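Read the structure below first, then the notes.
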Amino acid sequence: MAGGLSVLLFFALHPAGASAIAGIALRARNLSMSGMPQGNETTTQKPQTSTVDSFVIQMVNGVARCREATAEEVPATLPRREDRGVPVRELLKGENQAAIHAGEDSSTGLTINLIALSQLQNDSNRNTVIAAFQRAAATWTARIKSPVTIRINIDYGVNRPNGSAFPDGVLGSTSSGSISVDYPTARSRLVTSASSSSEAAIYNALPSSVVPTNTGDGSVVEVSRSLAQPLGLLPLNPNETVATISFNKNFDFDFNPDNGVDFDKVDFDTVATRRWQSIKSLERR
Ligand SMILES: [Ca+2]
């Protein structure tokens, strides 16, 4: 991780089956060595504090790569205060209801309510783009069984969520909230939340008190707010917007992989689905 506080370890647990919290990654930090953020960290990293994690999707030699946003880029990944997001189901009222609810209202687990920011609301290709976002969301609602509802802002256009133009080569961005939690608490919540004995066994195999890392033992982990809710680290709040995803329409996207992906276009579904993963898990790539 360039220049910042060390990201010391990821746990990427992917229990098979109907996990309560499938797809978890916790981020450990060694706060005893460096209690304050440095470099591209933008917020104080004390236990129990909230943080924004922003990532930029950059096109490198024709491949979409995700990297941590620089300190200068972070504000651009957040929506303007005056940008009034509209729930997709309201925006598309009167249109194809089946399409509107794709990826929503999963009574058996994760529900993702998509909130379209103003740029997307007014895009001529709006419905196609929203459908593509829904497809990506559905991939995750089908996999994650936590009975939790989250709201995610979605945006698409020539500008970033803060209204400034996307720089050349930047395909999109994500920002998501997380909290810092002392590791034993997070571990204990994971164990408690396990939906099967095999899942519990995985969590019980985690170190008991500290996370060994390459720069010392980590005592604090970062947990995305969307994950902190089902873990009981935050109260359930279906009205809290936990993340923002935006895409640069200057790129040619193929929004429908069902009929193949055009060789000269970017596969929106693949890129967007991976962005959900970063929001749910903070897993970095
Ligand atoms: Ca296609």
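Each reported figure results from applying straightforward, stated rules to the coordinates on display, with no laboratory input. Keep in mind that this is a model prediction, so the values were computed, not measured. Note that we place each Cβ from the backbone using ideal geometry, even for glycine, and neighbour counts take in every protein chain shown.
Across segment 125-140, computed HN-Hα scalar couplings (Karplus, 6.51 cos²θ - 1.76 cosθ + 1.60, θ = phi - 60°) run 9, 3, 5, 5, 5, 4, 4, 5, 4, 5, 4, 5, 4, 5, 4, 7 Hz from first to last residue, x flagging Gly and Pro. Positive contributions from Lys and Arg (+1) and negative ones from Asp and Glu (-1), summed over other residues with Cβ under 13 Å from the Cβ of Gly157, come out at +1. Annotation: the residues Thr141, Thr273, Thr77, Thr192, sorted from fewest to most other C-beta atoms within 10 Å of their own C-beta, follow the order Thr192, Thr273, Thr141, Thr77.
Each peptide in 248-258, 60-70 receives the mean, over its residues, of other Cβ atoms within 10 Å, and ordering these scores from highest gives 248-258, 60-70.
Roughly how far apart, in whole Å, are the Cα centres of segment 60-93 and segment 201-227? Each part reduced to its Cα centre gives a spacing of 29 Å. Coupling constants for segment 189-195 follow from the phi torsions by the Karplus curve (6.51 cos²θ - 1.76 cosθ + 1.60, θ = phi - 60°), and in residue order they are 5, 4, 4, 4, 7, 4, 9 Hz; glycine and proline get x. Between amide H atoms placed 1.01 Å from N, distances below 5 Å from Ile154 occur with Ile115, Ala116, Leu117, Ile245, all of them 5 or more places distant or on a separate chain. Note on segment 158-285: dipole from Cβ charges, positive end direction compared against Gly169, Ser246, Val210; the farthest Cα belongs to Val210. Counting every other Cβ atom within 10 Å of each residue's Cβ, Val52, Val74, Val158 order from fewest to most as Val158, Val52, Val74. Assuming charge only on the beta carbon of Lys and Arg (+1) and of Asp and Glu (-1), the dipole of segment 138-227 about its Cα centre is about 300 debye to the nearest 20.
The order of Val210, Val170, going from fewest to most other C-beta atoms within 10 Å of their C-beta, is Val210, Val170. The length gained on full extension between Thr270 and Arg81, counted as 0.36 nm times the residue separation minus their Cα-Cα distance, comes to 65.1 nm. Neighbours of Arg135, meaning other residues whose beta-carbon lies under 11 angstrom from its beta-carbon, give a summed charge of -2 when Lys and Arg score +1 and Asp and Glu score -1. Packing here is the average count of other Cβ atoms within 10 Å per residue, and on that basis the peptides 121-128, 240-247, 214-221, 183-190, highest first, run 240-247, 183-190, 214-221, 121-128. Backbone geometry of segment 254-263 corresponds, through the Karplus equation with coefficients 6.51, -1.76 and 1.60 at θ = phi - 60°, to 3J(HN,Hα) couplings of 9, 8, 10, x, 4, 9, x, 10, 4, 5 Hz, x marking Gly and Pro. Only Cα sites of segment 76-220 enter the Debye sum here, all with the same form factor; the resulting log10 I(q)/I(0) across q = 0.16, 0.17 1/Å is -0.96, -1.00, listed in q order. Return the FRET efficiency for the residue pair Ser197, Asp217: r is the Cβ-Cβ distance, R0 is 35 Å, and the value is rounded to the nearest 0.05. Once the sixth-power term is evaluated, E becomes 0.75.
With all pairs of separate Cα atoms included, segment 126-285 yields a Kirkwood hydrodynamic radius of 17.6 Å. By the rule of a C-alpha distance below 15 Å, with chain neighbours fewer than 8 residues away ignored, the aspartates and glutamates paired with Lys249 are Asp123, Asp155, Asp168, Asp264, Asp267, Asp269.
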